[in-house]
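Every read-out reported here was derived from the displayed coordinates using simple, explicitly stated rules and does not represent laboratory data. Bear in mind the structure is a predicted one, so any value in this text is a computation, not a measurement. With ideal geometry, Cβ positions are generated from the backbone for all residues, glycine too; neighbour counts draw on all protein chains shown.
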């Protein structure tokens, strides 16, 4: 436990001091066309209120109401900026692919951070108390299961930057998910435990990411290998941190940090996610 607390303390320091995703919407995000996309899409969007213990959470759900019957669900965990337009845009893309998607409120009351300092403080609280990560995911799972469109046996989660760390750690702590996908997420955290991990894992990593060390990658892989976990780690050439978000380049210049959008890596990682979902669902 002491070792785990030290790992999360290190993560918190890293996030607060260095990690810098961005808060721009995905205006030009990767093509979301899928083989199984319904011929007609009538997008339904809902703001939903739910609870984790005493904390009020305000999430966002999207699905195609032109389709009938149940469908797999995908939780979308935001970057450290909170539930802004970017995770909602990704949720809409997933809805167009035929899923019911739920952009998760991690902080409560739909809090959005406006500065790296605010974002670091908000995200850091989760790295210091990692059980909160799984608790928030569990609350989102309980909520999405109340929708009649949800196939409650087929639920996955994706996350960006801070959100990538959330879904990986929630999975390693036993969250009831078929699979998780981390896009440019932090990799340190909860130890791999074969008695807890249920989900298959896909990690979409930028090969030029300055915020995730080679040592962190090696430790992450070693932990999963030690328990025979079902995972795939893909590194995209020349991709920096936050490579999926079209606003990254501007934010990198604004805050003088090495992040940038990479259209090729964005497109490739979205395709890899779709293939992953095709296997687990």
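For the range 115-199, what is the convex hull (Cα atoms) projected area averaged across all directions, in square nanometres?
Values: hull surface 23.8 nm².
If you wrap the Cα atoms of the range 115-199 in a convex hull and average its projections, you get 5.9 nm².
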(request) Find the relative contact order for the chain and round it to a whole percent, using C-alpha pairs within less than 8 Å whose residues are 6+ positions apart. (result) 19 percent
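With an 8 Å cut-off on Cα pairs and a minimum separation of 6 or more residues, tell me the relative contact order of the range 218-278 in percent.
On the way: 52 pairs, mean separation 16.3, N = 61.
Worked out over the range 218-278, it gives 27 percent.
When the helix-only estimate is applied to the chain (DSSP H runs of n ≥ 4, each -39,500 (n - 2.57), divided by the residue count), what is the mean residue ellipticity at 222 nm, nearest 500 deg cm²/dmol? Numbers along the way, then the final one.
Working: 8 runs with 105 residues, N = 281.
After summing the helix terms and dividing by residue count, I get -12000 deg cm²/dmol.
What shape does the range 88-155 have by the C-alpha gyration tensor, where a ≥ b ≥ c are the square roots of the eigenvalues, rounded means a/c under 1.5, and otherwise prolate means a/b greater than b/c and oblate the rest?
Working: a/c = 2.97, a/b = 1.65, b/c = 1.81.
In terms of gyration-tensor shape, oblate.
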(message) Quick check on the exposure proxy: order 81, 270 from fewest to most C-beta atoms within 10 angstrom.
(response) 270, 81
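Taking 37 °C and 0.692 mPa s as the conditions, I'd like the Stokes-Einstein D for the chain in µm²/s, using the Kirkwood hydrodynamic radius from alpha carbon pairs. Intermediate values should be presented prior to the final figure.
Numbers: Rh = 18.3 Å.
Once the numbers are plugged in, D ends up at 179 µm²/s.
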(message) Test of understanding: in a Gaussian network model of the chain with alpha carbons linked when under 10 Å, which of 40, 65, 216 would top the mean-square fluctuation ranking?
(response) 40
(request) Give the distance, in whole Å, between the Cα centre of the range 215-281 and the Cα centre of the range 165-179. (result) 17 Å
